[in-house]
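All remarks here apply to the structure that follows.
The values are calculated or read from the model by the stated rules, or taken from the named source; none is laboratory data. What you are looking at is a predicted structure, and each value in this text was computed from that prediction instead of being measured. Cβ coordinates were reconstructed from backbone atoms using ideal geometry, including for glycine residues, and neighbour counts include every protein chain displayed.
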Number of protein chains: 2
Amino acid sequence: MTERTYRRHEPVKGNTAQSPVLPAAPTRGRLRPLGLDEVRITGGFWARRRHTNATATLGHCRDWMEREGWTGNFRAAAEGRIHRDRRGREFADSEIYKLLEAMAWEGAAYDAEITALTDAIAPAQDPDGYLNTAFGRPGQQPRYSDLEWGHELYCHGHLIQAGVAQARARGEGELTKIARRAADHVCATFGPGGNPGVCGHPEIETALVELARLTGEQRYLDQAALFLDRRGHGTLADIEFGRAYYQDDMPVRRAGVLRGHAVRALYLAAGAVDVAVETGDDALLAAVVRQWEATVARRTYLTGGMGSHHRDESFGDDFVLPPDRAYSETCAGVASVLLAWRLLLATGEPRFADLAERTLFNVIATSPSDDGRAFFYANTLHRRHRGTLPPADRVSPRADSGLRAPWFAVSCCPTNVARTLAQLPAYLATADDNGVQLHQYADAELATTLADGQDVALRVRTDYPSGGRVAVRISRSPARPWTLSLRVPAWTAGATAWLVDPDGRRRTAAPGTARLTRVFRPGDEIRLELPVAPRWTGSDPRIDAIRGTVAVERGPLVYCAESADLPDGHDVDALRVDPSAEPEDGPDGTVVAPGELAAPVDSHDSAWPYRPLDRATPPTADRTGITLVPYHSWANRGPSTMRVWLPATQSPTTPPTTPTRR
Amino acid sequence: MTERTYRRHEPVKGNTAQSPVLPAAPTRGRLRPLGLDEVRITGGFWARRRHTNATATLGHCRDWMEREGWTGNFRAAAEGRIHRDRRGREFADSEIYKLLEAMAWEGAAYDAEITALTDAIAPAQDPDGYLNTAFGRPGQQPRYSDLEWGHELYCHGHLIQAGVAQARARGEGELTKIARRAADHVCATFGPGGNPGVCGHPEIETALVELARLTGEQRYLDQAALFLDRRGHGTLADIEFGRAYYQDDMPVRRAGVLRGHAVRALYLAAGAVDVAVETGDDALLAAVVRQWEATVARRTYLTGGMGSHHRDESFGDDFVLPPDRAYSETCAGVASVLLAWRLLLATGEPRFADLAERTLFNVIATSPSDDGRAFFYANTLHRRHRGTLPPADRVSPRADSGLRAPWFAVSCCPTNVARTLAQLPAYLATADDNGVQLHQYADAELATTLADGQDVALRVRTDYPSGGRVAVRISRSPARPWTLSLRVPAWTAGATAWLVDPDGRRRTAAPGTARLTRVFRPGDEIRLELPVAPRWTGSDPRIDAIRGTVAVERGPLVYCAESADLPDGHDVDALRVDPSAEPEDGPDGTVVAPGELAAPVDSHDSAWPYRPLDRATPPTADRTGITLVPYHSWANRGPSTMRVWLPATQSPTTPPTTPTRR
C-alpha cells in the first residue's frame, strides 16, 4: 500500500548537543536552529507578551485544568474510577502535556510545577507505556477502538513533545522517561505487522521525529515515516466531512494543496517536512513546499490565518475567504508557524519567515487578551455585532465564540499559544557554516558558536513592529570574515529598505535577504531601516468576499477599524475609505485613513435588500479620518464591532495575478 | 413561566368542509384557502414539475427508504428487535410520514401505497399512542430522554400532518386514526401537569393546530399553544450551538428576527401564526410578521433561500450572506413557503406571496434534478469547482454535497420537496367574501363557491414564468358584482405592468394587488401583462460578500452563469459584466449579459494574493456576451461551476436603504 521511495539515514544526535532547547532540530537542512540558551529576547513587543505568558497565562491554564478536573483524570485513572469520573473531552490529556511543554521552555522557574504535574500523570501510565485516560480501562472503550476521533496517538504525540522539551530545556527527567515509554509502546503497537492504523489527528509524526533527533534512535523515525505513508489510502473511515478532513483522501506526496481540518493538515505537513529532512527525501519536501505555496496563495487570510469553515474547522475551497466567517483558528496559526519554521530551516528561504512573522503578529498575538487570561479560539476579520463578553468564571461551550473567553470546552488554543510564546526566542535566528541569520526582529541577545568553533555574539535593538529601525551590534566575532544575513520582509515591496554597514555606507535592500560579509569587530553596528509607513493593500479579484474593499497594513501589522474609535452612534459598517489618498500615522500607534462616515442606518428598516440598479451618485457621507488600530489589539476595550477589509469609495484595482513569489 | 395573554376561541370545523385538501385551513384570517378539488394545475412549468414528482420522485423516495431499511424499522419495532436492527438517523420515521403526506395529496393513485405503508407502521404504535422506532423499547433510550436531539415530537408532528392530509384529501382512514392516537398521547404526556418539555425541533405545533382544525377539538390547539409558550425560557439544555439553535433563547413573541437553525425557526414561526390565528392573538401574529420582515430584509438570499451557516444550518448574523457559502437548505425553502402562505392567509398582503413565488421558483424548483431522482440539500449561489456527481447508487453522507445526490444520510429534503409539489395547487389562489384572489400564476382551472353560495369558475392561461402574459377567462359567475384580485409581483417595480379588463381597457398595475370588481359574465377575459425583460439587480451595501457585483433576474427567475455556457478553458470566475448596458433575451430561455471574459488565470500561480494597490487600468479582457440560464436549471448538464452574483466592470451603486416595504 505504501510508496516508500525515500532513502534511509541514521538520525544524527550531534547538532542538538549545545542547544538543549530546540523546537525542531533537523539534522539535515539549510539552517541550524539556535536554542533558548543562545537567543534571549530582552525587550519590546514580544518580551511583554512573553512576560504575560509566563506570569499569567501558564498559571491560568494550570488552574482551569485543575478546576475542570482534567488534571484529576490521571489520578482517577490510577485509582480505577476513571470510567465514572472522567472530565473533559477525549483529548483533554493533551492540554496538560502542552502546558508541560510550555513550562519546560520557560525554564527553571517551573521545575517544581513540572515535577508536581509529572507526579500526577505517572501513575496513570500502563506498564506497557500506554497513557490515556479516555480509553482502555474497565468501563471504557478499548484502546484504539476509535482511531478516527479518539485522539490517543495525538495525545501520545503531545506527551512526547513535552518530554523532548524537558530533555532539551531542563535535562532529561521523569517526564522524558514517561514520554519514551509511550513512544516505545506506540512503535510496538503500530510498527510493521502491528495495528495498521493512523490517528484521526496528526501530531504523533512530528513528535516521533523529534524524539529520534533527541535520542538518535532510528525506530522512532521509521514509525513516523510509516504513519505518514499509511495516510491517504482510506485507512480511516469515511465520515460526514469526508476523508479529506483528516488528510486520508490522498497520499501526502500527491496532494497539491492543504485541505480538510486546518490544524490536522498543518501538523501533518510539519511531520512530513521532518521526515523528509531526516531521510533526505527531496521529493517529499518539494511536495510540501508546493502545497504550502498553493495554500498561501489561495487559502490564507491577510492575517496569515488559515481555515474559513466553521463547520469542520477546515480550509475552504480556493479563494473562499469571507472575513465575517473567518475561522482562522488560533491553533491553525500556531501550526502554520511550526510548518513555516521547518520549511525555513530546510530551505533557508525567507518567504517562510515572512509568513511566520505575519502569523505571529496577527494571529498568535491576537488570541490572548492584554492580561493573558482570555483567548480568541477563532479569529474573525469582521465582527458585525458587539455581543457580550463570555463570563470570566465559566467555560465557554462555543469554540467560535466571538470574543475572548477564559476557557473552552475544547480548549486547545490557550496552551498552544502558551507553548509558542515560551519557545519564541528559538524562532528569531539561525546559524550555518558561514554565519548567522536574523529572521524575526526583537530586542535580543544572541551568542552561538560557528561550525569552526569560533564564537559569535551580537545584540539587536529595534522599535519593531511599531518602527522599522533594526540595529545589530557585534559583541564578539572571530577574526575571519563571516556573513550576517537579515531578512528584508516581503511587505517592504513598493517602498525602500536600507542596509547600513559598520562604516556607515547605505545600500538599498530588496525584499528577501540582505547579506553583509566581512571581518566584523566587536562594537560594529549594522543597521536595517525598514519603511513602516501605513499602506493600502488590495486583493486578488478571485477573493470574492472582499471585492471593492481595501485593508491597511503598517510594517508587519494588519490594521482594523473598531467601533470604539468611531463617533457615538456610528458603526464600522457605515465607513468607507478613499484609496486615492494615503493613510497616515495617528497618535499611539494608530493609523488614520482618509474616508467618510455615512449617517447611521435605521437598523429596523424592512426593505428587500436586492434592488434595481440606480446609477445616480451614491448617498452622501461626511468626509473624515477613520482611526485604525492594530488588529492584534482589538476587543481589549470591551465588546465592539470591527472590520479589517474596508469598503472603498471607489473601486480599487489590483494588478493581474502574476506567478511571482513573495 | 408563560405569558399567555391571548384570548381563547373554540376551533371552528366549518370552513374545511368543502375543501378536503388544505395544507393550512385557518378558521380566522383574511383569506380562505382553496382545496385541491377546487384548483387544478393543467399545464406549464409547475405541471411538468408535478408530473415528475408524481411519476418519479415519490417512487424514488419509497424505494430508497425501503432499501435503506427506514421503512423496515417499524416492522423491527413490532417484532421486538429494533434495538439491534434499527437503521437510519433518529428522525428517519418522519421521512416515511412526509412521503405519506405527499402521497395523500397526490390523490387516488397512491391509495394502495398508503395502505401498504400504513400497515407497516401500525403495529409499531404502542397502546397509548406513542409511535417512534428510536426510543422507548428494551435496549433503547427511554421515551423523551433526549428532547434536545431525539426528534420524537417532531416525528409525531409529521405523522399528524400525514393523517390530516389523508383525512382531507382521501377521507379519514387508518393513517388518520394512528395520527389521532399519537396526538392524544402527546396531549396526555405533555399537557398541563405533565412533562414540561418541548421538542428540540419544532413541528408538532403546526401539526396539532391543523388537527384541531380538522377535528374541532380544542385540546390539540391548547397543547400547541402550550408548546409555544414553553419555548424560549431555557426549557432545553444549552448546547454548543447555543439555545438560539432551537429558538429556546427567548420567547417567540419577544424575538425581533428569525435566528438559529433555519428550518426549526421557520416551522416554529408557522406554528405561531397558526396558534395566533386560531386564538385571535393579534400581538403574536404581529410579532411573527415583524420577525419575517427583518429576516427577509437582512437574512435572505436573492433566491429566497435562508440560512448561511453550514456548521449548524442556521441563519447567520444580519447581512452575512456569502454566495459561495450559502447553505440555503431546501427544507428551509419549504418551511419559508409554509410560513409565507400562513401569513398571506392571515393578512391578505401580497408581499408574502411575492416571497413564496421567489422561493418556489428559485429554491424548491432548484432542488430536484430534471428527472426527479436527485436533489440539492444545500443550494449554493456560487460554485467554484466542478467536482464529481455523487454516485446514483449510494447514499451521500454529506448534506452539503455540492451537487444533487439521489439520497442522503439525512434525507429530509427529497420528501419535503415531494409533499410541497404535491400540495402546490393549493397555493395558487384563495377566496374571501368578495371574490377570488390569484397569488401564483400557472395554467390552471379553478372552481369554488363564494360565501353567499354562488359558484365561480375560471381558467388561467399563461406562459409564466418565461413570459408575463396571464389570461383569466371566466367560465362561471354569479349575476352580481364580485372582485377578481391579481397579485402584481414586486419584481415588476421599475417597469410597467398592465391590467386589461374584459372590455379591452388597459390600465397600469402597480406592484401589489390589481383588483377588478364587476358583474363578470362567462367568457369574459381579464389579462395581466407583466414586464419580463431581463433586469440588473444590485444589493444593499451591507451585504459585504457581494459588493461590486450584480445579478440578473427575469420575471420571477434568478439567473446564473454556468461554465457549460462559456468557451472552453474559461470559467465563471473569469467573467465580468457591464451594468451600463442592458441584458437581453437569448435563445431557449437564456439571457445574454453584456460583459467581458478575461484570459484564463494560471491556476498554479503561487503569488501572495494581497498586494499594494495599483491604480492603473485593470487587465484587458475580451468584450463578449455572457450567457445566463435560470438558476433552477443549473447543474443538469453535468458537473459545472456557477455564479449568481457577477463581478461588475464598474462599481454598481444602489439607492440608499429606505424603509419601504416590498
Exercise. Is it fair to say A:E113 is charged (D, E, K, R) and crowded, with 24+ Cβ neighbours inside 10 Å?
Worked result: no
Exercise. With segment B:478-574 as the region, which strands (runs of 3 or more DSSP E) entirely inside it contain at least 2 residues that are over 27 Å from the mean Cα position of the chain (by Cα)?
Worked result: B:482-488, B:497-500, B:506-509, B:512-518, B:525-529
Exercise. If you go through segment A:432-472 one residue at a time, how many are farther than 17 Å from A:E529 by Cα, among the hydrophobic types (A, V, I, L, M, F, W, C) and assigned to a loop (DSSP other than H, G, I, E, B)?
Worked result: 2
Exercise. Within segment B:48-62, is even one residue over 30 Å from B:Y464 (Cα atoms), free of Cβ contacts under 8 Å to residues at least 24 places away in the same chain and outside any loop (DSSP other than H, G, I, E, B)?
Worked result: no
Exercise. Among the helices (runs of 4 or more DSSP H) contained in segment A:94-199, which hold 1 or more residues that are within 24 Å of A:L58 (Cα to Cα), in contact with a Cys (Cβ under 7 Å, 6 or more places away or on another chain) and assigned by TED's automatic domain parsing to the domain that holds A:L226?
Worked result: A:152-170
Seminar exercise, completed: Across (1) within 14 Å of another protein chain (Cβ to nearest Cβ); (2) at pLDDT 95 or above; (3) over 18 Å from B:R542 (Cβ atoms), A:L628 clears everything bar (1)
Exercise. Restricted to segment B:285-307, and to residues that are surrounded by fewer than 23 Cβ atoms within 10 Å (Cβ to Cβ) and over 28 Å from B:A399 (Cα atoms), which residue is nearest to the other protein chains (Cβ to nearest Cβ)?
Worked result: B:E293
Exercise. Would you say A:I546 is touching a residue at least 24 places away in the same chain (Cβ under 8 Å) and within 14 Å of chain B (Cβ to nearest Cβ)?
Worked result: yes
Exercise. Just one of the numbered conditions (1) closer than 23 Å to A:R643 by Cα; (2) free of Cβ contacts under 8 Å to residues at least 24 places away in the same chain; (3) more than 13 Å from chain B (Cβ to nearest Cβ) is not true of A:D393; which one?
Worked result: (1)
Exercise. Has segment B:308-315 got at least one residue that is within 14 Å of the chain's Cα centre (by Cα) and either surrounded by 24 or more Cβ atoms within 10 Å (Cβ to Cβ) or of a type in the set (A, V, I, L, M) (or both)?
Worked result: no
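A quick yes/no check of all residues on (1) farther than 25 Å from B:G316 by Cα; (2) among the aliphatic types (A, V, I, L, M); (3) out of contact with any Cys (no Cβ under 7 Å at 6 or more places or on another chain); (4) not assigned by TED's automatic domain parsing to the domain that holds A:I546:
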{"residue": "A:D318", "(1), (2), (3), (4)": "no, no, yes, yes"}
{"residue": "A:A332", "(1), (2), (3), (4)": "no, yes, yes, yes"}
{"residue": "A:G402", "(1), (2), (3), (4)": "no, no, yes, yes"}
{"residue": "A:C412", "(1), (2), (3), (4)": "yes, no, no, yes"}
Exercise. So is A:V257 farther than 21 Å from A:G191 by Cα, not in a loop (DSSP other than H, G, I, E, B) and not hydroxyl-bearing (S, T, Y) or not?
Worked result: no
Problem set entry | segment B:316-354 - residue that is basic (K, R) and within 13 Å of chain A (Cβ to nearest Cβ) and, of those, farthest from B:Q437 (Cα to Cα) | B:R325
Exercise. Give me the pairs: first residue in segment A:492-506 and under 19 Å from B:P612 (Cβ atoms) and within 14 Å of another protein chain (Cβ to nearest Cβ), second residue of a type in the set (A, V, I, L, M) and surrounded by fewer than 16 Cβ atoms within 10 Å (Cβ to Cβ), beta-carbon distance under 7 Å, and six or more apart or on different chains, which are they?
Worked result: A:A495/A:A533
Problem set entry | Count of residues meeting criterion [surrounded by fewer than 21 Cβ atoms within 10 Å (Cβ to Cβ) and more than 19 Å from A:R373 (Cα to Cα)] in segment A:390-434 | 3
For this session: Please work out which residue is surrounded by the fewest Cβ atoms within 10 Å (Cβ to Cβ), limiting yourself to segment A:235-267 and to residues that are within 14 Å of chain B (Cβ to nearest Cβ) and on the phi > 0 side of the Ramachandran plot.
Result: A:G242
Exercise. Any idea how many residues of segment A:553-582 are more than 11 Å from chain B (Cβ to nearest Cβ) and closer than 29 Å to A:T462 by Cα?
Worked result: 9
Exercise. Does B:V252 satisfy being under 21 Å from B:D317 (Cβ atoms), in contact with a helix residue (DSSP H, G or I) (Cβ under 6 Å, 6 or more places away or on another chain) and not in a helix (DSSP H, G or I)?
Worked result: yes
Exercise. Looking at segment A:319-351, which of the residues that are free of Cβ contacts under 8 Å to residues at least 60 places away in the same chain and among the hydrophobic types (A, V, I, L, M, F, W, C) is farthest from A:M306 (Cα to Cα)?
Worked result: A:A340
Exercise. Any idea which of A:P656, A:P639, A:P652 is in contact with a strand residue (DSSP E or B) (Cβ under 6 Å, 6 or more places away or on another chain), assigned to a loop (DSSP other than H, G, I, E, B), of a type outside the set (G, A, S) and at pLDDT below 95?
Worked result: A:P652
For this session: Mind counting the residues in segment A:215-234 that are of a type in the set (S, T, Y) and buried (at least 22 other Cβ atoms within 10 Å of the Cβ)?
Result: 1
